[in-house]
Amino acid sequence: DAYSFDGGKTFSSNNVYAVKKNGTISVVVKDVLGNTSSRNVTIGNIDDMGPTINYSFAPASWTKDKVTASIQVSDFNKDGSEGVGLPANSISFDNGKTWGNVSTYVFAQNGSVVVTAKDLYGNQSSKIIKVSTIDTTKPDVSLTYENRGTKKKPKIVLIANAKDGQSGLADLAY
């Protein structure tokens, strides 16, 4: 048992070691008399990261209509180099139960969806996409009136007060 791939803790007769993750491996080799040589090797080219998920909305501001999220998925390693790439069906909207190549999600109401992406090695990442710019709520309006005249010449004034807790009132709201 001449070979160790854990810094000399355990030895094996096998001189082949399957590297499963990035890092430094301390290889020790010993002869029959116990003399040892050691070398370290740093492995950094194993793609163990899930893809990057980015998105944008259309429209990007308040609306009373649907909002479409456009999803962009890319596969890069920590050092910025290209990863192994993406399969044809790399996006899931149901936590990885089904996979497809649809890169848009349409929100009919405010809410969120979890987008999961995978690369060719099966590395996955997820991102929550949340929309809160769909405003279908009518403004609140209260009406009051006052007599701003005299008893002989009444002048009734109607006062409208409105507020909108989402997108706000229009510049010319009244």
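The values are calculated or read from the model by the stated rules, or taken from the named source; none is laboratory data. What you see is a predicted model; the values in this text were computed from it and never measured. Here the Cβ positions follow ideal geometry from the backbone for every residue, glycine too, while neighbour counts run over all protein chains shown. In case anyone asks, the SASA skips ligands and DNA or RNA and just uses the protein heavy atoms, side chains included. Shrake-Rupley method; radii C 1.70, N 1.55, O 1.52, S 1.80 Å.
Tabulated data
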{"read-out": "Relative contact order (%) - region 1-154, alpha-carbon pairs under 8 angstrom, separation at least six", "value": "17"}
{"read-out": "Net length gained if the chain between T24 and S126 were fully extended (0.36 nm per residue, minus Cα distance)", "value": "33.9 nm"}
{"read-out": "Residues of region 18-68: accessible area per residue with a 1.4 Å probe, Å²", "value": "71"}
{"read-out": "Cα-centre dipole for region 17-84 with unit charges at Cβ (Lys and Arg positive, Asp and Glu negative), debye to 20", "value": "180"}
{"read-out": "Accessible surface of T98 - all protein chains present, 1.4 Å probe, nearest 10 Å²", "value": "80"}
{"read-out": "Pairwise label distance in nanometres, N35 with A88, each label 7 Å out on the Cα-Cβ vector", "value": "5.9"}
{"read-out": "Cα shape, region 75-174, gyration tensor, a/c 1.5 rule", "value": "prolate"}
{"read-out": "Whole-percent carbon and sulfur share, accessible surface of region 1-132, 1.4 Å", "value": "48"}
{"read-out": "Protection proxy ranking, peptides 43-53, 120-130, 137-147, average beta carbon neighbours within 10 Å, highest first", "value": "43-53, 120-130, 137-147"}
{"read-out": "Dipole of the chain, positive end: most advanced residue of V16, V102, V84 [Cβ charges, Cα centre]", "value": "V102"}
{"read-out": "Contact order normalised by residue count of region 1-74, Cα under 8 Å, 6+ apart, percent", "value": "22"}
{"read-out": "For region 34-78 versus region 83-137, the gap between their alpha-carbon centres in whole angstrom", "value": "13"}
{"read-out": "Formal net charge of residues neighbouring Q109 (Cβ-Cβ distance under 15 Å; K, R +1; D, E -1)", "value": "+1"}
{"read-out": "Cα-derived Rg to Rh of the chain, Kirkwood definition", "value": "1.43"}
{"read-out": "Where labels lie 7 Å past Cα in the beta-carbon direction, separation of S167 and D1 in nm", "value": "7.2"}
